[in-house]
Amino acid sequence: MSHDHDDRPQLTAAQAAAVLNPPAGRNGGDLVVETLQGLGATTVFGLPGQHALGMFDALRRSSLRYVGLRVENNAGFAADAYGRITGEVAPLLLSTGPGALTSLAALQEAAAASAPVLAISSQIPTAGLGGGRHGYLHELRDQQASVRDIVKSVHTVRTASQIPSAIAAAWESALTAPHGPVWVEIPQDVLLAGTTLPVVSAMDATPRELYPRPELTIAAAHLLSNAERPVIIAGGGVVRSDASGKLRALAEKIDAPVVTTFGGKGAFPWEHPLSLRSWLEDRHTTDFLEDADVLLVVGSGLGELSSNYHTFRPRGRVIQIEADAGKLESNHPALGIHSDAREALADLLEAVERREDPDAAARVRTMLEKVRIRIEAQDLTLEQQVLAAVREALPDAAPSFWDMTILAYWAWSAFDARRPNTMHSAQGAGGLGYGFPAAIGAAAADPTRPVLAVSGDGGAMYSIAELATARQYDLPLTWLIVDDGGYGILREYMTGAFGETTGTELARPDFVALAESFGVPAVRTSPDSLAADLGKALSAPGPSVVVLPALLRMFEPTHL
């Protein structure tokens, strides 16, 4: 077989000399950072460890910006947020064993939220691989086995020459829809060994596009064009694929009301006449969705939260567009379309016929009024006041990151995100400690606008060490800590289920004094002064903390 070599890159004499005479003093770690630079990375997150020092030493000789956090799990949350905000791959540099394992909860959240995180972990020396018990520091029998259930793909390196290809393959995997975390492992001795390989140049790791099959688009368009009561559920896939404009155009073309999932916040304008908002944990919304004769689900698997705890029983035809093949029809029979949301919506927009429904907006108003009356009957003025104060203080374009806390659960349903890809939470995997380190990642991605983190006092203690990180890098972020003296939502759950609580009450620090000990300005606020104090903090340069002592309650569930 002959090959045409005419399209090979033509090197100048100077370039050829550089290839043939690479600089001295490089090692496997240099191949890692050169590959990341060649793929377009500008920022890396992580935490050094003994086996990973070859990578960290090489950072010195690169143009990459390093953001180091104090705990690997927090570094993973920061990388997750960087990936969500930019849509680019976020490299996460980790050490072996305990360092690698400590990142796993963050990688689970990245997987659930489809955030493109590239975790590059060191390994014990090559001689120790294979499952024998050699007694190396940080040794695991099979480190990959600990991450394989979490990440999209695992890539193992045994020699220096494999490093660029392994990282490029992982990069492509992370960015192929659905986005997600990937894992590369490189032994300590490979990272430390000197190399005479040429400097890595530009790399190509273009992700595969995921297009809908045309016959499925035609079938879906026919169902929607002829529907009497079409409704759209917009999930996180709409946000991830930057498809909110296509979603709005389609909804307006067929006069279909739209509800956004908690992961899809901001995918559809909150005040739009067709907006059902995000009241998914509400029986009135569930009834409205069940009444649809055609339900278009875009970028959602209709999991526990999006289905009002699996009480949702669609009566009409369901069309499901989903990039994750495992989520197609996983909860409800549907016309399943395996596709990136943006591509599928673009094709549907061309294929559907315009339909007009003069009653659609009125039905939406009626449904939202039912929700309002239900909530108003529960004496929850404080909770709505606090949420409104946060909305008033937060600039429209400023991203917010919400931990697993009662105010966040309110925000999932009741907060107007105003812009796509600005409101994020850990509702994918549901782990504590996400909000503040994620805000660090977002601030590192775009330091020109303020970032808000929201935590309870319990979740705040998971990531309190990162106050040092925020101060060290002087990042423009404000941390709102709602202090109710314990795990508030678990307190509610246990009281409701058992009549009393166990393990929910917490001793906690003076958060204002603690923040100030890190050199971070802090203020104790009240519900009445929250909007002003939060606005002032968000407009000031650098990090800040606002502490709100308040006992918030959840609205009554409708799924029980």
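Using θ = phi - 60° in the Karplus curve 6.51 cos²θ - 1.76 cosθ + 1.60, the 3J(HN,Hα) couplings for the range 427-440 round to 6, x, 9, x, x, 7, x, 6, x, 6, x, 5, 4, 4 Hz; x is entered for Gly and Pro.
In this structure the chain gives 40 Å² per residue of accessible area when probed at 1.4 Å with all protein chains present. Residue order by solvent-accessible surface for 34, 172 is 172, 34, largest first, with ligands and nucleic acids left out and a 1.4 Å probe.
Summarising the label geometry, the points placed 7 Å from Cα in the beta-carbon direction at residue 332 and residue 528 lie 4.6 nm from one another. Can you classify the range 210-309 as rounded, prolate or oblate using the Cα gyration tensor, where a ≥ b ≥ c are the square roots of its eigenvalues, rounded means a/c under 1.5, and otherwise it's prolate if a/b beats b/c and oblate if not? Because its axes are fairly even, with a/c under 1.5, the range 210-309 counts as rounded.
If you take the charge dipole of the chain about its Cα centre, with +1 on Lys and Arg Cβ and -1 on Asp and Glu Cβ, which of 380, 424, 171 is farthest toward its positive end? Value computed over the given set: 171.
Along the range 330-343 the Karplus relation, 6.51 cos²θ - 1.76 cosθ + 1.60 evaluated at θ = phi - 60°, assigns HN-Hα couplings of 6, 10, 8, x, 7, 7, x, 10, 7, 6, 4, 4, 4, 5 Hz to successive residues, with x for each Gly and Pro. Assign unit charges at the C-beta atoms only (+1 for Lys and Arg, -1 for Asp and Glu), then state the dipole size of the chain relative to its Cα centre in Debye, rounded to the nearest 20. Computed charge dipole of the chain: roughly 560 debye.
About its Cα centre, the dipole of the range 1-136 is roughly 460 debye, where the only charges are +1 on Lys and Arg Cβ and -1 on Asp and Glu Cβ.
Counting only protein heavy atoms, what percent of the accessible surface of the chain is carbon or sulfur at a 1.4 Å probe? It is 52 percent, rounded to a whole number.
Here the Karplus curve 6.51 cos²θ - 1.76 cosθ + 1.60, taken at θ = phi - 60°, turns the phi angles of the range 472-483 into couplings of 4, 9, 6, 8, x, 9, 10, 10, 8, 10, 8, 9 Hz, with x standing for Gly and Pro. Amide H to amide H distances under 5 Å link residue 425 with 402, where only residues 5 or more positions off or on other chains count and H is placed in the peptide plane.
Annotation: amide H-H contacts under 5 Å for residue 282 (H modelled 1.01 Å from N, sequence separation of 5 or more, or interchain): none.
If you take all C-alpha pairs in the range 471-560, what percent of them are over 22 Å apart? Counting pairs separated by more than 22 Å, the tail of P(r) holds 41 percent. As a length-normalised measure over Cα pairs under 8 Å and 6 or more apart, the relative contact order of the range 74-134 settles at 41 percent. Look at the dipole of the range 287-380 built from charges on Cβ: of 341, 305, 320, the Cα furthest out on the positive end belongs to 305.
Note on residue 242 and residue 377: the model spin-label points, each 7 Å out from Cα along the C-beta direction, lie 4.5 nm apart.
With a Förster radius of 30 Å applied to the C-beta separation of residue 134 and residue 161, the computed FRET efficiency comes to 0.75. Rounded to the nearest 10 square angstrom, residue 218 shows an accessible area of 120 square angstrom against a 1.4 Å probe.
Report the paramagnetic label zone for residue 126: residues of the range 94-108 whose backbone N is under 15 Å from a point 7 Å from Cα along the Cα-to-Cβ axis. The answer is none. For a test of the definition: using alpha carbon positions, the gyration tensor, and the 1.5 limit on a/c, classify the range 117-271 as rounded, prolate or oblate. Here the range 117-271 falls in the prolate category. Rg of the Cα atoms in the range 334-407, relative to 2.2 N^0.38 Å, amounts to 1.70. In the assembled protein chains, residue 80 presents an accessible area of approximately 0 Å² (probe radius 1.4 Å). In this label model, residue 366 and residue 498 are separated by 4.5 nm, measuring between points 7 Å along each Cα→Cβ vector.
Let me know the whole percent of all Cα-Cα pairs from the range 89-166 that are separated by more than 15 Å. Every Cα pair in the range 89-166 considered, those over 15 Å come to 58 percent.
At 10 °C and a viscosity of 1.306 mPa s, what translational diffusion coefficient does Stokes-Einstein give for the range 400-471, taking Rh as the Kirkwood radius over Cα pairs? Give it in µm²/s as a whole number. The calculation lands on 128 µm²/s. Classify the range 13-134 as rounded, prolate or oblate from the Cα gyration tensor: take a ≥ b ≥ c as the square roots of its eigenvalues, call it rounded if a/c is under 1.5, otherwise prolate when a/b beats b/c and oblate if not. Oblate shape, in that a/c is at least 1.5 and b/c is the bigger or equal ratio. Matching the structure-derived Rg and Dmax of the Cα atoms in Å against the labelled list [x] 26.3, 86; [y] 24.9, 80; [z] 23.3, 73 gives the label [y].
Let's test the formula: R0 of 30 Å, r as the Cβ-Cβ distance of residue 309 and residue 70. What FRET efficiency results, to the nearest 0.05?
Efficiency, rounded to the nearest 0.05: 0.25.
Quote the FRET efficiency, to the nearest 0.05, computed for residue 356 versus residue 271 with a Förster distance R0 of 22 Å and r equal to the Cβ-Cβ distance. Computed FRET efficiency for residue 356 and residue 271: 0.55.
The ratio of the alpha-carbon radius of gyration of the range 245-362 to the globular-protein estimate 2.2 N^0.38 Å is 0.99. With contributions of -39500 (n - 2.57) from each DSSP H run of at least four residues, the per-residue ellipticity at 222 nm computed over the chain stands at -11000 deg cm²/dmol.
Protein-only accessible surface at a 1.4 angstrom probe places the residues 479, 279 in the order 279, 479, largest first.
The values are calculated or read from the model by the stated rules, or taken from the named source; none is laboratory data. Note that the coordinates shown come from a computational prediction; the quantities given were computed from them, not determined experimentally. Note: ideal-geometry Cβ built from the backbone for every residue, glycine included; neighbour counts use all protein chains shown. Note: areas computed on protein heavy atoms with side chains; ligands, DNA, RNA excluded. Shrake-Rupley method; radii C 1.70, N 1.55, O 1.52, S 1.80 Å.
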